[in-house]
1. Can you give the calculated 222 nm mean residue ellipticity of the chain, where each DSSP H run of n ≥ 4 adds -39,500 (n - 2.57) and the sum is split over every residue, rounded to the nearest 500 deg cm²/dmol?
2. What list do you get for Ile12, Ile45 if you sort them by fewest beta carbons within 10 Å?
3. Across 5 Å bins from the origin, how do the percents of Cα pairs in segment 1-64 run, short distances first?
4. Taking loop as defined by DSSP and a crowding limit of 13 other beta carbons within 10 Å, which trypsin sites (Lys or Arg not before Pro) in segment 1-68 fit?
5. Mind giving me the nanometre distance, one decimal, between the label points for Ser59 and Lys107, set 7 Å out from Cα along Cα→Cβ?
6. Using Cβ counts within 10 Å as a stand-in for footprinting exposure, how do Lys91, Lys103 rank, fewest first?
7. Return the tail of the calculated pair distribution for the chain, meaning the percent of Cα-Cα pairs more than 25 Å apart.
Amino acid sequence: MPIVKMPADETIKEKFSEYVAALGKVAHSWNFLQERLGQLFVRAIPTAPHKVLLAVWYSEQNDRAQRRMLRAAINSGAIDSWPSKLPTNAKDDILRLLEEADKLGLKRDQAIHTPCAIMTNTKELK
C-alpha cells in the first residue's frame with residue numbers, strides 16, 4: 001500500500017504565495033467597494049443622524065443584504081431630499097452600480113471560496 005507523503009509546509013506556502021497574494025487583493029478590493037457603498041448609504045439619507053445610519057448599515061453582516069438596503073433607500077426616494085441638486089442620472093447610475101456589484105459578488109464568492117490543493121507526483125512516491 002503506498003504511503004502518502006505531504007509536501008513540507010514551506011513548499012506549500014511557496015507554491016501558493018502568488019495565489020494567496022492575488023486572493024488578498026480580491027478580498028481587499030471587495031471590502032473597499034463595500035465600505036464605499038456604506039458611505040453612499042449614509043449620504044443617501046441626509047435626514048437621519050450619521051451614527052444611526054452607520055449602525056443600521058453594520059447591523060447586517062451580509063454584503064448582499066447591505067446592498068439591498070442601499071437599493072431600497074435609493075428606490076424610496078431618499079436621494080430626492082438631498083440639499084444639493086444631483087445629476088438627473090444619479091439614481092440610475094447608483095442602481096446600475098449595485099446591479100454590477102451583485103454580479104461581481106458571485107464571482108468574488110467563487111474566488112474566495114474555491115478549494116485549492118497541491119497534487120504531488122505519485123510516481124515519485126512508489
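Every number in this text was worked out from the coordinates using simple rules, so none of it is lab data. The structure displayed is predicted, hence computed values, not measured ones. Ideal geometry is used to build each Cβ from the backbone, glycine not excepted, and the neighbour counts take in all protein chains shown.
1. -23000 deg cm²/dmol
2. Ile12, Ile45
3. Computed distribution, short to long bins: 3, 14, 15, 13, 10, 9, 8, 7, 7, 5, 4, 2, 1, 1, 0.
4. Passing both the DSSP loop test and the Cβ count: Lys5.
5. Spacing of the two 7 Å Cα→Cβ label points: 3.4 nm.
6. Lys103, Lys91
7. The proportion of pairs with Cα distances above 25 Å equals 46 percent.
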